Amino acid sequence: MWYDEIGENNDIILSSCVSVVRNIRGYKFPTKMDAEEKEFVLTSAEAFAKENDMKFVRLEELSDGQRVEFLRHKIANIEELQNPSGKGLVISDDESLSIVVNQGNHFRIQGNCNGGDINSIFWAVEKLAVNVEKKFDIAFSERLGFLSSNPFEVGTGLRVSFIISVPAIEKGGVMPKVLQRLNSLDWKMVPYIGDGNKRTGNLYEVYSTSTLGVTEKKIYERAITVLEDIVKVERMCREAIYNKNKIIVEDQYFRSYGMLKYCQKLELSEALEALGWLRLAHSMIKDNSVDLDLTKINKMTDRICTEMKHLKGNASIKVETARAKQIRAILEGESN
Amino acid sequence: MRCERCGKQIGNKIFKYNNSYLCPECASATGVADMLANPFAGVMNMMDSDFMGAIPPVFSNLEFSSTRAQIKCPKCGTSFRDFDNTGTFGCIECYVAFNDQLQRYLMKSQPNTDYMGRKPGILSEGNTWQDEATEDVKASEEVEAPAAINEAEDEKLTKYENSDIGMLSDDDLKEAIQLAVKKENYMLAARFRDELKGREGN
Ligand SMILES: [Zn+2]
Ligand SMILES: [Zn+2]
């Protein structure tokens with residue numbers, strides 16, 4: 001499965017997503033469709049899945065376990081899973097490619113990968129989109145391109161996004177520069193998670209915004225530029241921060257590790273801060289007494305993020321205890 | 001009042017930061033709520049005004065008036081008010097029904113409003129994209145990448161040049177003048193300046 005693999009630059013780029021929205025001409029968008037029309041789209045999607053050697057599931061029929069898995073792997077989002085009626089999912093064997101059916105648009109074709117290897121998914125998503133376009137009469141205008149329910153996406157209907165963790169850019173004070181750079185490429189950045197009254201802690205989502213005035217190729221090139229810039233700047237900052245403040249960084253690194261390993265309750269913000277330090281210094285500090293690799297750091301980060309997306313009342317002692325337990329288990333080397 | 005990030009109507013709790021208005025959900029999702037609660041805390045402070053630049057303008061530029069609110073899509077029944085509340089269309093006919101408002105909004109939110117993507121069902125540039133794209137990007141590897149910034153500025157200026165000058169905001173005009181001067185396109189700069197001056201006259 002794609003999510004079990006360590007991806008390119010996975011110490012900075014946690015995951016990448018490419019998505020394309022498409023709609024069938026002659027049918028209203030899902031919010032205005034009746035049950036019968038939704039059923040037609042679902043059945044068509046099922047047929048499409050068969051022809052393309054993909055699986056098809058109705059979201060209503062998912063077990064709780066499957067729901068959590070799909071959420072964890074960013075294949076479906078919480079809104080889709082909480083309102084599963086009339087919605088479906090077409091999914092490839094390794095789950096790297098999927099099509100969400102009847103959520104917002106008739107089809108959202110998406111590709112996910114760990115790290116920043118979008119080359120592997122971008123073209124796969126585009127090809128899958130082409131197959132969808134060949135099978136259905138797709139809503140398209142010469143002037144505006146592919147029509148979507150959200151006019152923000154009209155045009156190519158194509159979005160690239162990365163979840164990034166950039167503790168050194170943050171601590172080094174170069175965030176304004178990075179934001180400026182993103183702006184010049186028509187990319188945006190938003191904090192990835194927050195817990196209401198604490199800072200979000202070095203996790204961000206960056207995404208492309210232009211769907212008009214750009215070719216697909218241009219969107220791809222800009223995504224690569226964004227990715228390379230972020231990786232380069234974050235790496236530079238990590239080294240600079242470590243070289244200038246060795247003792248402080250090492251102190252924070254070992255403290256963070258100790259805290260995560262032995263804590264009995266864990267606040268979201270302290271977890272993110274600690275993971276930020278581990279991530280920042282991990283490749284530079286060699287110490288055999290710390291049994292830590294990137295897989296574990298990513299797993300902890302991912303666990304915390306997923307949990308954020310479906311747990312309410314994050315400040316409660318119960319949540320904090322559960323969080324601590326999960327993190328300790330990962331550090332102990334839980335099998336899964 | 002609509003949230004400038006998600007486009008939904010804001011109830012009684014409004015977050016205002018740097019002249020942007022956000023709903024409680026978006027304010028909390030983007031960290032603005034945290035920042036307002038404690039302006040000296042952590043990273044948000046550092047990002048300051050740049051940070052709001054990171055929040056996508058959604059429907060902040062759509063004017064809302066009662067006559068417009070009555071426009072309805074003949075096919076799906078979506079009214080402009082519905083669109084205003086949800087930020088979404090009900091069917092493709094909505095693109096026709098709300099065309100005027102849409103154009104204004106697209107002008108603001110997209111670098112250029114011409115469709116430049118591929119046609120349905122055709123992977124137009126095929127697999128050659130892959131190799132070409134990777135090489136192009138390798139060539140401009142520098143972090144500061146002046147070439148890429150230049151290009152983005154050129155694009156922006158072209159967008160201003162091609163847009164209906166009367167539709168541009170004062171701030172847009174100011175930026176357009178700066179860009180045009182930077183690119184030594186003084187004729188164009190003068191055109192924008194005249195427009196701006198003309199407005200001040202009124
Ligand atoms: Zn909002
Ligand atoms: Zn409509």
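The values are calculated or read from the model by the stated rules, or taken from the named source; none is laboratory data. For clarity, every value in this text was computed on a predicted model and none was experimentally measured. All Cβ positions, even for glycine, are placed from backbone atoms using ideal geometry, and neighbour counts span all protein chains on display. Just the protein is used for accessible areas: all its heavy atoms, side chains included, with ligands, DNA and RNA removed. Shrake-Rupley method; radii C 1.70, N 1.55, O 1.52, S 1.80 Å.
Determine whether the stretch A:122-140 contains at least one residue that is more than 9 Å from chain B (Cβ to nearest Cβ), surrounded by fewer than 21 Cβ atoms within 10 Å (Cβ to Cβ) and in contact with a Leu (Cβ under 8 Å, 6 or more places away or on another chain).
Looking for residues that are more than 9 Å from chain B (Cβ to nearest Cβ), surrounded by fewer than 21 Cβ atoms within 10 Å (Cβ to Cβ) and in contact with a Leu (Cβ under 8 Å, 6 or more places away or on another chain), one finds at least one in the stretch A:122-140, hence yes.
Under 6 Å between Cβ atoms, at least 6 apart or on separate chains: pull out the pairs that start in the stretch B:23-34 with a residue that is farther than 10 Å from B:Arg5 by Cα and more than 16 Å from ligand 2 (Cβ to nearest atom) and end on any residue that is modelled with pLDDT of 70 or more and of a type in the set (Gly, Ala, Ser).
B:Ala33/B:Ala27
Exactly one condition in (1) at negative phi; (2) within 16 Å of ligand 2 (Cβ to nearest atom) is not met by A:Cys17; state its number.
(2)
Working only within the stretch B:72-92, note down all residues that are surrounded by fewer than 16 Cβ atoms within 10 Å (Cβ to Cβ) and out of contact with any Gly (no Cβ under 9 Å at 6 or more places or on another chain).
Scanning the stretch B:72-92 gives a single hit, B:Pro74.
When the stretch A:49-67 is examined, which residues are found to be in a loop (DSSP other than H, G, I, E, B) and either open to solvent by 50 Å² or more (accessible area, probe 1.4 Å) or farther than 28 Å from A:Thr306 by Cα (or both)?
A:Asn52, A:Asp53, A:Ser63
Would you confirm whether any residue within the stretch A:34-48 is in a strand (DSSP E or B) and modelled with pLDDT of 90 or more?
no
Condition first: more than 11 Å from ligand 1 (Cβ to nearest atom) and modelled with pLDDT of 65 or more. Can you find one or more residues in the stretch B:30-46 that meet it?
Looking for residues that are more than 11 Å from ligand 1 (Cβ to nearest atom) and modelled with pLDDT of 65 or more, one finds at least one in the stretch B:30-46, hence yes.
Only one of A:Thr215, A:Thr209 is facing chain B (nearest Cβ under 7 Å), open to solvent by 30 Å² or more (accessible area, probe 1.4 Å) and of a type in the set (Ser, Thr, Tyr). Can you tell me which?
A:Thr215
Which of the residues belonging to the stretch A:164-190 are of a type outside the set (Lys, Arg), in contact (Cβ under 8 Å) with a residue 24 or more places away in the chain, part of a helix (DSSP H, G or I) and farther than 17 Å from A:Gly201 by Cβ? Walk me through how you get there before you give the answer.
First, pick out the residues of the stretch A:164-190 that are of a type outside the set (Lys, Arg): A:164-170, A:172-176, A:178-180, A:182-187, A:189-190.
With the extra rule that they be in contact (Cβ under 8 Å) with a residue 24 or more places away in the chain, the set shrinks to A:164-170, A:172, A:174, A:178, A:182, A:185-187.
Subset that is part of a helix (DSSP H, G or I): A:167-170, A:178, A:182.
Scanning the stretch A:164-190 gives a single hit, A:Leu182.
Restricted to the stretch B:72-107, and to residues that are within 16 Å of ligand 1 (Cβ to nearest atom) and in a loop (DSSP other than H, G, I, E, B), which residue is farthest from A:Ser148 (Cα to Cα)?
Step by step, filter the stretch B:72-107, then rank; the result is B:Gly87.
Mind listing whichever residues of the stretch A:106-121 are open to solvent by less than 10 Å² (accessible area, probe 1.4 Å) and either touching a Pro at 6+ places or on another chain (Cβ under 8 Å) or within 9 Å of another protein chain (Cβ to nearest Cβ) (or both)?
Listed by number, the list holds a single entry, A:His106.
Checking A:Ser96 against (1) hydroxyl-bearing (Ser, Thr, Tyr); (2) farther than 30 Å from A:Val166 by Cβ; (3) in contact with a Gly (Cβ under 8 Å, 6 or more places away or on another chain), which test does it fail?
(2)
Which residues, counting only those in the stretch A:141-163, are facing chain B (nearest Cβ under 9 Å), within 27 Å of the chain's Cα centre (by Cα) and in a strand (DSSP E or B)?
Passing the criteria: A:Gly145, A:Phe146, A:Gly155, A:Leu158.
Taking the stretch B:160-174 as the region of interest, how many residues are assigned to a helix (DSSP H, G or I) and out of contact with any helix residue (DSSP H, G or I) (no Cβ under 8 Å at 6 or more places or on another chain)?
Residues meeting the conditions: 2.
Scan the stretch A:277-294 and tell me whether some residue there is within 27 Å of A:Arg72 (Cβ to Cβ) and among the β-branched types (Val, Ile, Thr).
Yes: the stretch A:277-294 contains one or more residues that are within 27 Å of A:Arg72 (Cβ to Cβ) and among the β-branched types (Val, Ile, Thr).
Restrict the check to the stretch A:247-266 and report whether at least one residue is touching a Ser or Thr at 6+ places or on another chain (Cβ under 8 Å) and more than 16 Å from A:Ala324 (Cα to Cα).
no
Select from the stretch B:76-102 the residues that are of a type in the set (Val, Ile, Thr) and more than 6 Å from ligand 2 (Cβ to nearest atom) and list them in ascending order.
B:Thr86, B:Thr88, B:Ile92, B:Val96 - these are the residues of the stretch B:76-102 that are of a type in the set (Val, Ile, Thr) and more than 6 Å from ligand 2 (Cβ to nearest atom).
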